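Peer 1: So that we are looking at the same thing, I have put the structure below in structure tokens.
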Amino acid sequence: MPPPKAILAIDQGTTSSRAILFSNAGDILSIKQKELTLFYPHKGWVEQDANDIWHDTKWAVEEILKEDVADNIAAIGITNQRETTIIWDKKTGKPVYNAIVWQDRRTADYCAELKEQGLEKKITAKTGLLLDPYFSATKIKWILDNVEGVRKRAEAGELLFGTIDCFLLWNLTGGKTHATDATNASRTMIYNIKDGAWDKELLDLFDIPECLLPCVENNCHDFGVADIGNQQIPITGMAGDQQAATVGQACFDKGMVKSTYGTGCFALMNIGQEFKISQNKLLTTIAYQLDGKVTYAMEGSIFVAGAAIQWLRDNLEFFKDAAESEALAISVEDNNDVYFVPAFTGLGAPYWNPNAKAAITGLSRESTKAHITRAALEAQAFQTHDLISAFQNDTGFEIQNLRIDGGLSNNAFVCQFLADILNCVVEVPKITETTALGAAYLAGLHIGLFKDLDDISSGWKMAKTYTPNMLDEKRQAYLAKWSQEIDRVLLHNE
Ligand code: ADP
């Protein structure tokens, strides 16, 4: 009998480039990864070497292909850091400039100008996004306007633009395919997510020639054949990282939410087939597009999640390992009235205040590092609560359960406190590499390893659930106090 088919997921993230081999049952067979360097050439600028992104990814895939377990790979799925922008030469593949990373703020003044001209509303209505340097459009414009000779070459049709998925696909197929998928396109701020097409009016506004742009495909598609490590493997799935995680958490029903707790936290709610704009400064984005049918999501990000625990570890030296925070938190009965608003880089959704500063409040002579650590962990649940309330206000959906992943999902105190504060079941999956798993699911779906989304859902494996166990009165008291602390931080930074 031939060995069961495996799927190779490429997960090109901000901090590393990885290849993960999954069995057709969704179990991990092998992982290879390489750390990626970020460059900060000026204040607010964040870049990466696009050649490194490709070479490191290629290396990770080739290392996996050398292994015995890799002798029956049926397909490749790609997932990636979103919005990061590359422009390269169509003939040579040589990037004309470094990759401008999603975190880069160099176009902040330009975005502010457009906002002053009252253009944000129109942009949101077409793209679901807020007018911000985060998205690709103004990064593309910056390269065209600032790198010598590039605009001319772009207009002559010599160059190509792509987000990381597209750049990797182009390289993996030896320059044969210049395509992206609908989820990655939905983060560029030039793609109309209602019409499902590049938006001519926005291309004019940002002065971007259409000949630079890739084709936009479904998330499951015959993207081309990767010629790598003496093998030819079809690439059949592709999605941006947070959308891939939504698929990896099998959030296929309206109202289902996944939340990833790494350095920051990204939450997405599946809102179904109807496009809807948020009244609470959340983004609307494409969750996935299958057979031409779009499913939308609302998305909110909390800038500081695990980073608060890193800060306690590195700056205050409370512990050596982030995992120790759990024992410290449960060593005290409660927070002893200490609250921690981790606004180290302003506050993200749903408050949106770029100038907010972090605060630790309620300190007394009895306060210990255990109370402060507990407050930092509790803040994860309070921030999530505010985000989920915004989702609910916008959509009217009551959430039944929350599927979580990322580093903090290993912390049982956080998981239980989340369940208590949200008053819903918190589910932690068996495979916490949900981003890569999502890319593998998409690739497998296209080649029939999975019949449909229901088939993926039924094979999705849970490791642990946490059920709410807090009196409503107590929950309300916590939330009232938290809300008071948030107001204080916001007031202080007006
Ligand atoms: P990223 O993908 O953003 O690098 P990860 O998902 O690897 O993030 O999670 C790392 C973050 O989670 C770090 O900020 C770390 O402080 C935090 N973290 C990891 N494990 C734990 C834990 N057991 N308890 C609390 N925080 C944790």
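Read-outs throughout are calculated quantities, based only on the coordinates presented, and are distinct from any laboratory measurement. Because the structure is a prediction, the values reported are computed rather than measured. Glycine gets a Cβ as well: all are built from the backbone with ideal geometry, and neighbour counts include every protein chain shown.
Peer 1: Averaging over every viewing direction, what projected area does the convex hull of the Cα atoms of segment 258-411 cover, in nm²?
Peer 2: On the way: hull surface 40.6 nm².
Averaged projected hull area, Cα only: 10.2 nm².
Peer 1: Given +1 on the Cβ of Lys and Arg, -1 on the Cβ of Asp and Glu, and no further charges, what dipole in debye does the chain carry about its Cα centre, rounded to the nearest 20?
Peer 2: 320
Peer 1: Also, quick follow-up: Return one number: the angle in degrees, 0 to 90 and rounded to the nearest 10, between the long axis of the Cα atoms of helix 50-65 and the longest principal axis of the Cα atoms of the chain.
Peer 2: 90
Peer 1: Give me the net charge of Asp49's neighbourhood, meaning all other residues with Cβ under 15 Å from the Cβ of Asp49; Lys, Arg count +1, Asp, Glu -1.
Peer 2: Values: positive: Lys34, Lys58, Lys94; negative: Glu35, Glu47, Asp52, Asp56, Asp104.
Residues close to Asp49 contribute a combined charge of -2.
Peer 1: Separate question: Of the beta bridges DSSP finds with both residues in segment 6-240, what % are antiparallel, to the nearest 5? Present the calculation step by step, with values, prior to reporting the outcome.
Peer 2: On the way: 31 of 46 bridges.
Here the share of antiparallel DSSP bridges comes out near 65 percent.
Peer 1: Let me ask something else about it. With a Förster radius of 35 Å, plug the Cβ-Cβ distance of Lys121 and Asn353 into 1/(1 + (r/R0)^6) and report the FRET value to the nearest 0.05.
Peer 2: Values: r = 20 Å, r/R0 = 0.58.
E between Lys121 and Asn353, to the nearest 0.05, is 0.95.
Peer 1: Oh, and also: Using 0.36 nm per residue, how much length does the chain from Thr345 to Phe39 gain when fully extended, once their Cα-Cα distance is taken away? Display every interim value, and only then the final one.
Peer 2: Numbers: separation 306, 0.36 × 306 = 110.16 nm, distance 1.88 nm.
Contour length minus the Cα-Cα distance gives 108.3 nm.
Peer 1: Quote the relative contact order of segment 195-311 in percent (integer), defining contacts as alpha-carbon pairs under 8 Å separated by 6+ residues.
Peer 2: Values: 171 pairs, mean separation 23.3, N = 117.
That works out to 20 percent.
Peer 1: Taking 0.36 nm per residue of separation and subtracting the Cα-Cα distance, what length does fully extending Lys320 through Lys152 add? Could you put the intermediate results ahead of the total?
Peer 2: On the way: separation 168, 0.36 × 168 = 60.48 nm, distance 5.30 nm.
Here the segment from Lys320 to Lys152 would lengthen by 55.2 nm.
Peer 1: Now, a different point. Debye sum, Cα scatterers, segment 424-494, no solvent: what log₁₀ I/I(0) at q = 0.11, 0.13 1/Å?
Peer 2: Debye intensities relative to I(0), on a log10 scale: -0.56, -0.66.
Peer 1: Among Gly396, Val341, Trp45, whose Cα sits farthest toward the positive end of the charge dipole of the chain (+1 at Cβ of Lys/Arg, -1 at Cβ of Asp/Glu, about the Cα centre)?
Peer 2: Trp45
Peer 1: Which loop GluC sites (Glu not before Pro) in segment 43-137, with loop taken from DSSP, have no more than 15 other Cβ atoms within 10 angstrom of their Cβ?
Peer 2: Numbers: sites: Glu47, Glu62, Glu63, Glu67, Glu83, Glu113, Glu116, Glu120; in loops: Glu67, Glu83.
Filter output for segment 43-137: Glu67.
Peer 1: Gain in length, Lys430 to Asp195, computed as 0.36 nm per residue apart minus the alpha-carbon separation, to one decimal in nm? Intermediate results must be reported in sequence, preceding the final value.
Peer 2: Working: separation 235, 0.36 × 235 = 84.60 nm, distance 3.71 nm.
Between Lys430 and Asp195, full extension yields 80.9 nm more.
Peer 1: Rounded to the nearest Å, what's the spacing between the alpha carbon centres of segment 414-452 and segment 58-117? Just the number, please.
Peer 2: Cα centroid to Cα centroid, the span is 24 Å.
Peer 1: If the viscosity is 0.692 mPa s and the temperature 37 °C, what translational diffusion coefficient in µm²/s does Stokes-Einstein give for segment 6-240 when Rh comes from Kirkwood over Cα pairs? Working shown, then result.
Peer 2: On the way: Rh = 18.1 Å.
D = 181 µm²/s.
Peer 1: Follow-up question, since we're still on this one. Lys and Arg at +1, Asp and Glu at -1: add these up for the other residues within a Cβ distance under 12 Å of Thr177 and post the number.
Peer 2: Working: positive: Lys176; negative: Asp165, Asp181, Glu217, Asp222, Asp227.
Local net charge: -4.
Peer 1: Which residues' amide hydrogens lie under 5 Å from the amide hydrogen of Gly174, considering only partners 5 or more residues apart or on another chain, with H built in the peptide plane?
Peer 2: Asp227
Peer 1: With 18 Å as the limit, write out which pairs from Lys94/Lys176; Lys34/Lys58; Lys34/Lys258; Lys43/Lys139 have Cα-Cα distances beyond it, or answer none.
Peer 2: Values: Lys94/Lys176 15 Å; Lys34/Lys58 10 Å; Lys34/Lys258 27 Å; Lys43/Lys139 16 Å.
The answer is Lys34/Lys258.
Peer 1: What are the trypsin sites (Lys or Arg not before Pro) within segment 347-414 that DSSP puts in a loop, where the Cβ has at most 11 other Cβ atoms within 10 Å? Let's see the in-between values first.
Peer 2: Details: sites: Lys357, Arg365, Lys369, Arg374, Arg403; in loops: Lys357, Arg365.
Within segment 347-414, the qualifying trypsin sites (Lys or Arg not before Pro) (loop, at most 11 other Cβ atoms within 10 Å) are Arg365.
Peer 1: Which residues does a label at Arg475 reach in segment 411-429, if reach means a backbone N under 14 Å from a point 7 Å past the Cα toward the Cβ?
Peer 2: 416-426
Peer 1: Identify all aspartates and glutamates with a Cα-Cα distance to Lys320 below 16 Å; exclude those on the same chain that are fewer than 8 residues away in sequence.
Peer 2: Lys320 reaches no qualifying aspartates and glutamates.
Peer 1: Right, here's the next one. Take the Cα atoms of the chain, find their three principal axes, and give me the spread along each one in whole Å, biggest first.
Peer 2: That gives 67, 64, 43 Å along the principal axes, largest extent first.
Peer 1: To continue, here is another question. What does DSSP give for the chain in terms of the percent of beta bridges that are antiparallel, rounded to the nearest 5?
Peer 2: Antiparallel bridges make up about 70 percent of those DSSP assigns within the chain.
Peer 1: Take every Cα pair under 8 Å in the chain that's 6+ residues apart, average their separations, divide by the length, and report that relative contact order as a whole percent.
Peer 2: Numbers: 1080 pairs, mean separation 70.6, N = 494.
Value for the chain: 14 percent.
Peer 1: Are there trypsin sites (Lys or Arg not before Pro) in segment 175-232 that DSSP marks as loop and that have at most 16 other Cβ atoms within 10 Å, and which are they? All intermediate terms of the calculation are to be shown ahead of the outcome.
Peer 2: Values: sites: Lys176, Arg187, Lys194, Lys200; in loops: Lys176, Arg187, Lys194.
Answer by residue number: Lys176, Lys194.
Peer 1: To continue, here is another question. What does the charge add up to near Pro468, with Lys and Arg as +1, Asp and Glu as -1, over the other residues with Cβ less than 13 Å from its Cβ?
Peer 2: Working: positive: Lys474, Arg475; negative: Asp420, Glu427, Asp472.
Within the 13 Å Cβ shell, the charges total -1.
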